[in-house]
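Structure, as structure tokens:
None of the figures in this text is laboratory data; all of them are computed from the coordinates on show. Keep in mind the model is a prediction, meaning the values are calculated, not measured. So basically every Cβ, Gly included, is an ideal-geometry build from the backbone, and we count neighbours across all protein chains shown.
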Amino acid sequence: MAELLLDPDIRIWVILPIVIITLLVGVLRHYVIMLLHREKRLTLEALRDGQALMRSQRLRANGHFLPGKAFVMRKDYFNDENDGYFKKEKRESPPSNPMGDPTMMLDMVKGNLTNLVPMMVIGGWINWTFSGFVATKVPFPLTTRFKAMLQRGVQLSTLDASWVSSASWYFLNFFGLRSVLTLILGHHEAVPDQMNFVTPSFDAGPDPAKAMKAEWEALQIIKHEWKLERIEEEIIRQT
């Protein structure tokens, strides 16, 4: 394998500019995403359903501290066959195919554009500007299988696999500076997912109809046992 002696100016005119450009593009992409982000507003219906599910779960967990009549009254409010909340409140399930939702498709396109376009434009410009540069070397030996990943744009069969070309240095920075962006932007959620354009999310969201049905079944099988029936006697005995 050929041994190279790099010009120290490469660190100033190739390595550092690529790092700075990648960081600036990441920060700019974050603010573009913030401008394009469509805040999902919580509807009154969804809020009521969420509160009802939470109250029912608390009733199941702590209902044994209530007298029998009080427990049955609260249980009937949710599970009564005619007027129970989980019976009379009918909710539509979200579409099984998220691709049929134009809003979700638009959000996916926005996410892909804000990730894919900067990567292609800046990557192409860096590849054209710094074409043919060997930028740095990793501090450990690598096998020849890594040459295709670390030496893009430098076709030298005799070059050691540990050397990194300028184009590959950009891609390493693009996918590896997430922690630095987190420090700059202040919190983890502010940093966009670099791989979003490769694996888009198709989360259709929770199904309120299934959640209410499951909670109705869970509450229906609860057998009430009042654990405070003899609490006075227990207190007197312990004192």
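Full extension of the chain between Val27 and Thr129 yields a length gain of 34.5 nm, computed as 0.36 nm times the residue separation minus the alpha carbon distance.
Which entries of Lys90/Lys210; Lys69/Lys210; Lys90/Lys223; Lys75/Lys213; Lys88/Lys210; Lys110/Lys147 have Cα-Cα distances beyond 22 Å here?
Lys69/Lys210; Lys90/Lys223; Lys110/Lys147
Relative to a virtual label point 7 Å from the Cα of Glu225 in the Cα→beta-carbon direction, which members of the range 60-90 show backbone nitrogen distances below 18 Å? Correct set: 60-69, 71-72. Remark: the Leu4-Lys210 segment gains 67.7 nm on full extension, using 0.36 nm per residue and subtracting the alpha carbon distance. In this simple spin-label model, placing a label point 7 Å from the Cα along the Cα-to-Cβ direction at both Ile12 and Met120 gives a separation of 3.7 nm.
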